[in-house]
Amino acid sequence: MSNLFPISVTVNGVLYQKEVEPRLLLSDFLRHTLGLTGTHVGCEHGVCGVCTILFDDKPARSCIMFAVQANGHKIMTVEGLSNDMEHLHPLQEAFSEKHALQCGFCTPGFLMTLIPFLKENPDPTEEQIREAISGNLCRCTGYQNIIEAVKLAASKLQASKATVAN
Amino acid sequence: MKPAPFEYVVPKNLNDCLNFLYQHSETAKILAGGQSLIPTMNFRMAQPEYLIDINNLNELSFIRTDKTGGLQMGALIRHHQVENDPLIAQKAPLLHEVMPWIGHVQIRSRGTIGGSLVHADPAAELPSAMVALNARFKVKSKKKERWIPAEQFFVGLFATALEPGEMLVEIAIPAMPLHSGYSFQEYSRRKGDFALVGVACMLVLDKNKVCEQARLVYMGVGEGPVLAAQACQSLVGKTLTPDLLQQAAKIASQNDLTPPNDMHASSAYRRHLAEVLGHQSLSQSLERAEKSF
């Protein structure tokens, strides 16, 4: 049996100090150790994209990282997007309004992939959106409504930025 | 779908790392980006006893130029860094063009250039690009340090010239000759998948527009990167015409390659792709090389 390693990791702004077995996947750490079950687990070999989280602000597959590697790093999961159902993130609102999900299993991965994408590409073309979501699989929607939602989210985010600027 | 237990080792510096690797070369694996290693560990196809995490070795994380205008990169440089680095876009535009083809954005934010090269997947983009670019790899062990040309580094299916206790530490790419053109073409079933067939191409012309060097390197058609030697030979010393390029692509697909048959594509289909993509990459390379005059 391998030893336990102490790690301290910031998840959604909260510092956690835990002891983990080195082989514990980051996705399992988030779900089972921290109880943050918004991050889903699908293929467990880096193909389906449902476990996507932000690792130091960059999208990464949490199922092909070890929790011990997150020591000293900053993570954001889908739970970090909004505090309650009344105040969803504009991207979440857009997904809801455009019916960009049916079963919802893939949604957290899409959202976490798109947060940094929209930051870097505030006014994306459809081609850029398709490229951005190419690493996430959805078996319900056929992607069309997801693309519509990203367009809507982009305009919502632009509008809220304009309001803040004014 | 969970990895078998292992001992986790975090070396403080490269020497530490090489010492440990020397002692446990048979049972240790190096963990860099982990984007290929951890999936194989999840499947338990790999069950290393020790995992040496080199992510803190900042000495392997650099991008710089040498005196001759060539590029030097530490093995721990991540794909997204290569993709977004202006120096690389300028000095090694072929490499810059290859990067978006590697996996997806989530993979590129973690995966490392050294990790991809030592993994040596026969359908991966970087090994072929490195062979096309005449890159050289610096490998180090506790006992010695040596340089291996990319062409000699890939020795078979997921196999490299690395000896037990050695690790890849640096990648050197020579400066692009004055009149050179490049191209990268790939066909895969879905965007971001490994290539069914891909090809990296470099053409170098002399001042009279005569072909001085041709590098047409395929992926997905063999046990590693495949340099289409006969096709390249058919171009060197000649003034390149569309007919010659068409003919070279045919030579590559018919004489230089023995593509595998598998569930993803038949050998004949891969041969067809090799000709089409080879022709496209040669044509684009020539077009780009001619712009330099």
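Values quoted throughout were computed directly from the atomic coordinates according to the rules given, and no laboratory measurement underlies them. All values reported here derive from a predicted model rather than from experimental measurement. In this analysis, Cβ positions are derived from the backbone assuming ideal geometry, glycine residues included, and neighbour counts consider all displayed protein chains.
With contributions of -39500 (n - 2.57) from each DSSP H run of at least four residues, the per-residue ellipticity at 222 nm computed over chain B stands at -9000 deg cm²/dmol. Projected onto their three principal axes, the Cα atoms of chain A cover extents of 52, 38, 27 Å, largest first. Ordering B:Asp206, B:Asp262 from the fewest to the most neighbouring beta carbons within 10 Å gives B:Asp262, B:Asp206. Counting charges near B:Pro127 (Lys, Arg +1; Asp, Glu -1) among other residues having Cβ under 14 Å from its Cβ returns a value of -3.
About the Cα centre of region B:58-173, how large is the charge dipole given +1 on each Lys and Arg Cβ and -1 on each Asp and Glu Cβ? Please answer in debye to the nearest 20.
Working: 13 positive and 12 negative charges, 78 e Å.
Roughly 380 debye, rounded to the nearest 20.
Helical content of chain A, expressed as a calculated mean residue ellipticity at 222 nm, amounts to -9500 deg cm²/dmol (DSSP H runs of 4 or more residues, -39,500 (n - 2.57) each, divided by residue number, nearest 500). Going down the table (B:Lys140/B:Lys207; A:Lys74/A:Lys151; A:Lys119/B:Lys91; A:Lys161/B:Lys12; B:Lys2/B:Lys191), which pairs top 32 Å between alpha carbons? Cα-Cα > 32 Å for B:Lys140/B:Lys207; A:Lys161/B:Lys12; rest within.
Expressed as a whole percent, the proportion of Cα-Cα pairs in region A:90-165 lying more than 14 Å apart is 55%.
Rank the residues A:Arg130, B:Arg78, A:Arg31, B:Arg146 as a footprinting-exposure proxy: fewest other Cβ atoms within 10 Å of their Cβ go first.
Values: A:Arg130 15, B:Arg78 22, A:Arg31 19, B:Arg146 12.
Lowest to highest Cβ neighbour count: B:Arg146, A:Arg130, A:Arg31, B:Arg78.
If you look at the Cα atoms of region B:180-290, you get an Rg and a Dmax of 13.5, 47 Å. Once the mean of 1/r is taken over each pair of separate Cα atoms and inverted, region B:10-77 shows a Kirkwood hydrodynamic radius of 13.4 Å.
Ordered by the number of other Cβ atoms lying within 10 Å of each residue's own Cβ, fewest first, A:Cys138, A:Cys63, A:Cys103 fall into the sequence A:Cys103, A:Cys138, A:Cys63. Once a ≥ b ≥ c are taken as the square roots of the eigenvalues of the Cα gyration tensor of the protein assembly as shown, is the result rounded (a/c under 1.5), prolate (a/b larger than b/c) or oblate (a/b not larger than b/c)? Taking the square roots of the gyration eigenvalues as a ≥ b ≥ c, the protein assembly as shown is oblate.
The order of the peptides B:232-238, B:220-226 by mean Cβ neighbours within 10 Å, most packed first, is B:220-226, B:232-238.
Averaged over the residues of A:62-69, the number of partner chain Cβ atoms lying within 10 Å of the residue Cβ comes to 6.
Between region B:213-230 and region A:27-52, the C-alpha centres lie 39 angstrom from each other.
Please give the direction-averaged projected area of the C-alpha convex hull for region B:46-115, in square nanometres with one decimal. The partial results should precede the final answer.
Values: hull surface 23.1 nm².
That works out to 5.8 nm², a quarter of the Cα hull's surface.
Computed about the Cα centre, the dipole magnitude for region A:90-165 is approximately 160 debye when only Lys and Arg (+1) and Asp and Glu (-1) carry charge, each at its Cβ.
Against the empirical 2.2 N^0.38 Å scaling, what ratio does the C-alpha Rg of region B:39-172 come to?
Numbers: Rg = 14.5 Å, N = 134, 2.2 N^0.38 = 14.1 Å.
With N residues counted in region B:39-172, Rg over 2.2 N^0.38 Å equals 1.03.
Determine, at each q value in 0.19 (inverse angstroms), the log₁₀ of I(q)/I(0) that the Debye formula gives when each Cα of region A:5-80 is one equal point scatterer. Those come out to -0.67, one per q. Binning all Cα-Cα separations of region A:59-120 at 10 Å, short to long from zero, yields these whole-percent fractions: 18, 49, 27, 6.
Both numbers refer to the Cα atoms of chain B; Rg and Dmax are 19.3, 62 Å.
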